[in-house]
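Down below is the structure, laid out as structure tokens.
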Amino acid sequence: MKRWRALLAFFVSLALLCAAGTHTHAQTRASDYITRYAVSASQGERTGQVSIRCDITAKRSVVKIGVLKIEIYQSNGSRVTTIQGTTSNGLLSPESSFAHIVTYTYKGVPGITYYAKVTLCAGTNSDYDVRYVQTQKVTAPY
């Protein structure tokens with residue numbers, strides 16, 4: 001009887017270990033830094049302008065937060081330009097913060113439809129999370 005109990009206890013323990021390992025492996029990794037983000041595109045106030053509004057919030061104040069990159073595309077999929085985020089152009093926050101909101105205005109050709117692929121980030125200089133967002137298509141105004 002003791003032998004059966006020991007054997008049963010062994011198999012139950014083994015089953016629990018396997019189940020726990022599988023469950024941990026199957027979990028999706030949540031962000032260590034990012035709590036919320038949003039990106040949108042709209043017509044600018046002037047001829048040919050398209051505005052890209054980016055909003056990112058971190059769980060706590062971080063040294064690196066904002067936009068790493070904005071890629072502008074025409075509606076046919078051809079890339080027009082790439083803008084790297086820096087503190088100089090305001091796409092990255094110049095100081096530690098828990099949130100960063102910025103609007104980048106692209107000067108395009110009136111009547112052409114554009115969209116953007118935006119890379120957002122939050123974290124430390126060496127360890128940060130990124131999120132990729134594609135905006136809706138917007139036609140640059142006349």
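The values are calculated or read from the model by the stated rules, or taken from the named source; none is laboratory data. Small disclaimer: the values here were computed from a predicted structure and weren't measured. So basically every Cβ, Gly included, is an ideal-geometry build from the backbone, and we count neighbours across all protein chains shown.
Tell me which residues, restricted to the stretch 106-118, are touching a Phe, Trp or Tyr at 6+ places or on another chain (Cβ under 6 Å) and part of a strand (DSSP E or B).
Tyr115
Pick from the stretch 63-83 the residues that are over 15 Å from the mean Cα position of the chain (by Cα) and touching a residue at least 24 places away in the same chain (Cβ under 8 Å): which of them is nearest to Ile34 (Cα to Cα)?
Of the stretch 63-83, the ones over 15 Å from the mean Cα position of the chain (by Cα) are 63, 72-83.
The next check asks that each one be touching a residue at least 24 places away in the same chain (Cβ under 8 Å); those that pass are 63, 72-75, 80-81.
Numbers: Val63: 13, Ile72: 24, Tyr73: 26, Gln74: 29, Ser75: 30, Val80: 29, Thr81: 27 Å.
Top of the filtered list is Val63.
Is it the case that some residue within the stretch 114-122 is more than 16 Å from the chain's Cα centre (by Cα) and at pLDDT 95 or above? Quick ask: steps written out before the conclusion?
Filtering the stretch 114-122 for residues more than 16 Å from the chain's Cα centre (by Cα) gives 114-115.
Now narrow it down to the ones that are at pLDDT 95 or above: 114-115.
Within the stretch 114-122, one or more residues are more than 16 Å from the chain's Cα centre (by Cα) and at pLDDT 95 or above.
Between residues in the stretch 36-61 that are at positive phi and surrounded by 15 or more Cβ atoms within 10 Å (Cβ to Cβ) and residues that are assigned to a strand (DSSP E or B) and not polar (S, T, N, Q), which pairs lie under 9 Å by C-beta distance while being six or more apart or on different chains?
Gly48/Tyr106; Gly48/Lys107
Go through the stretch 82-105 and give me each residue that's out of contact with any Pro (no Cβ under 8 Å at 6 or more places or on another chain) and part of a loop (DSSP other than H, G, I, E, B).
Taking the stretch 82-105 as the starting set, the residues that turn out to be out of contact with any Pro (no Cβ under 8 Å at 6 or more places or on another chain) are 82-86, 88-105.
The answer is Gly85, Thr86, Ser88, Asn89, Gly90, Leu91, Ser93, Pro94, Glu95, Ser96.
Could you list, in sequence order, the residues of the stretch 123-142 that are within 16 Å of Ile70 (Cβ to Cβ) and in contact with a Phe, Trp or Tyr (Cβ under 9 Å, 6 or more places away or on another chain)?
Taking the stretch 123-142 first, the residues within 16 Å of Ile70 (Cβ to Cβ) are 130-138, 140.
Correct list: Arg131, Val133, Gln134, Thr135, Gln136, Lys137, Val138, Ala140.
For the subset of the stretch 84-142 comprising residues that are surrounded by fewer than 17 Cβ atoms within 10 Å (Cβ to Cβ) and of a type in the set (Phe, Trp, Tyr), which member is nearest to Thr35 (Cα to Cα)?
Per the stated criteria, the residue is Phe98.
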